[in-house]
2 protein chains.
Amino acid sequence: MALDVQTLSPSAVEGIFVALGDSTRRSIFFSLMEREQSIKELAAPLGITLTGLGQHIRVLEAAQLVSSRKVGRERRCAIDPAGLERLEAFAQLQRSLWRSRFDALRRIVEAP
Amino acid sequence: MALDVQTLSPSAVEGIFVALGDSTRRSIFFSLMEREQSIKELAAPLGITLTGLGQHIRVLEAAQLVSSRKVGRERRCAIDPAGLERLEAFAQLQRSLWRSRFDALRRIVEAP
DNA sequence: GGGTTAGTGAAGCACAAACTTCACTAACCC
DNA sequence: GGGTTAGTGAAGTTTGTGCTTCACTAACCC
């Protein structure tokens, strides 16, 4: 997991939050966590058109949560670990940043 | 960081993604990472009304990303670490789940 | 070739949600 | 008390975006 400063900047996770902020895209994501699937396979249980699903995949790909490749006339979609790695690193960093600031503040307030 | 199964279920992080899926709420969140602030202080740089900002705070509070309390006539808003903890645990779990499934799949494909 | 199936691009619709205004409460200050 | 300031609730407006339809391409199959 190679993560530089750029990878951890707020703007780097924007796309992830936008992507998973939608319930349909969350469903697609969790469905792909089970197994790789085509656009058609993903669309069926959600009751939406292939076009609509294709649009969601593009958003998920932009966030690096999903990757896809054409195999024949099908598009095979799968989880891209990059997004999850970035999300985890982001949460970790923010939490530790908050913690250190909170501890510093506490030290001032509770000065002897 | 106490995290049970409930805390890690997809539905537990829905609110977090919905909350941070909006750019204004991301701004509020990062602004609060710097320091505790009132509704007025948060609204000023964003150029939105106090009413509008109050609505965003409610969404962030529902996701446990922000906590607030009334101090006099002001509402002091601050980061709630619970949301970040949950987000980190979620990303960690999903990534490890994906990794184990991916490794299992690879073992089948690359069978000797 | 002809028919079917999977997916894509452009363009439009429709609803959810971000934001506002207005009216009000309550805390602060003189 | 009277004036100002911070925030809140209800109700309306407007904009973004999720989704569709339609037309098309390309792969598969006979």
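Reachable lysines from A:Lys40, Cα under 16 Å, same-chain residues fewer than 8 places away excluded?
Within the straight-line cut-off, A:Lys40 pairs with A:Lys70.
Could you estimate the translational diffusion coefficient of chain B from the Stokes-Einstein equation, with Rh from the Kirkwood formula over C-alpha pairs, at 4 °C and 1.567 mPa s, in whole µm²/s?
For these conditions, the coefficient is 82 µm²/s.
Compute the label-point distances linking A:Leu50 to its equivalents in the other copies; points lie 7 Å from Cα along Cα→Cβ; give nm, one decimal, shortest first.
Copy-to-copy label distances at A:Leu50, shortest first: 5.5 nm.
Given contacts defined as C-alpha pairs under 8 Å and at least six residues apart, what's the relative contact order of the range A:21-111, whole-number percent?
Relative contact order here is 25 percent.
Accessible area per residue, 1.4 Å probe, Å², for the range A:5-109: what's the number? Can you show the working numbers first?
Details: 5530 Å² over 105 residues.
Computed with neighbouring chains in place, this is 53 Å² per residue.
Any residues in the range A:10-51 that have 20 Å² or more less accessible area with all protein chains than in their chain alone, probe 1.4 Å, and which are they?
The answer is A:Pro10, A:Glu14, A:Phe17, A:Val18, A:Leu20, A:Gly21, A:Arg26, A:Phe30, A:Met33, A:Glu34.
In whole Hz and in residue order, list the ³J(HN,Hα) couplings for the range A:90-106 that follow from phi through the Karplus curve 6.51 cos²θ - 1.76 cosθ + 1.60, θ = phi - 60°; x for Gly and Pro.
So the Karplus estimates, Gly and Pro as x, are 4, 4, 4, 4, 4, 5, 6, 4, 4, 4, 5, 5, 5, 4, 4, 4, 4 Hz.
List the distances, in nm and shortest first, from the label point of B:Arg35 to the matching label points in every other copy, placing each point 7 Å from Cα along the Cα-to-Cβ direction.
5.6
D for the protein assembly as shown, whole µm²/s, Stokes-Einstein with Kirkwood Rh over alpha-carbon pairs at 4 °C and 1.567 mPa s: what number? Walk me through the numbers on the way to the answer.
On the way: Rh = 19.1 Å.
Diffusion coefficient, whole number: 68 µm²/s.
Please report the carbon-and-sulfur percent of the accessible area for the protein assembly as shown; probe 1.4 Å, protein heavy atoms only, DNA, RNA and ligands left out. Walk me through the numbers on the way to the answer.
Details: 6520 of 12510 Å².
The C+S portion of the solvent-accessible surface of the protein assembly as shown is 52 percent.
Taking just the alpha-carbon atoms of the range A:58-112, what radius of gyration and Dmax come out, in angstrom?
Gyration radius and largest Cα-Cα distance of the range A:58-112: 20.2, 71 Å.
In nm, one decimal, shortest first: how far is the label point of A:Ala62 (7 Å from Cα along Cα to beta carbon) from the matching points in the other copies?
So the label point of A:Ala62 gives 2.4 nm to the other copies.
Name the nearest-to-axis residue of chain A, judged by Cβ distance to the rotation axis taking chain A onto chain B, and quote that distance in whole Å.
Value returned for chain A: A:Gly21, 1.
Applying 1/(1 + (r/R0)^6) with R0 = 45 Å to the Cβ-Cβ distance of B:Glu34 and A:Leu50, what FRET efficiency is obtained, to the nearest 0.05?
0.50
Please report the buried accessible area for the interface of A with B, total over both chains, probe 1.4 Å, in Å² to the nearest 100.
Numbers: alone 7590 and 7600 Å², together 12510 Å².
Buried: approximately 2700 Å² between B and A.
The values are calculated or read from the model by the stated rules, or taken from the named source; none is laboratory data. The model shown is predicted, which means the values in this text are computed figures rather than measured ones. When we count neighbours, we look across all protein chains shown, and the Cβ atoms used for this are built from the backbone with ideal geometry, even at glycine. Surface accessibility is based on the protein's heavy atoms, side chains included, excluding ligands, DNA and RNA. Shrake-Rupley method; radii C 1.70, N 1.55, O 1.52, S 1.80 Å.
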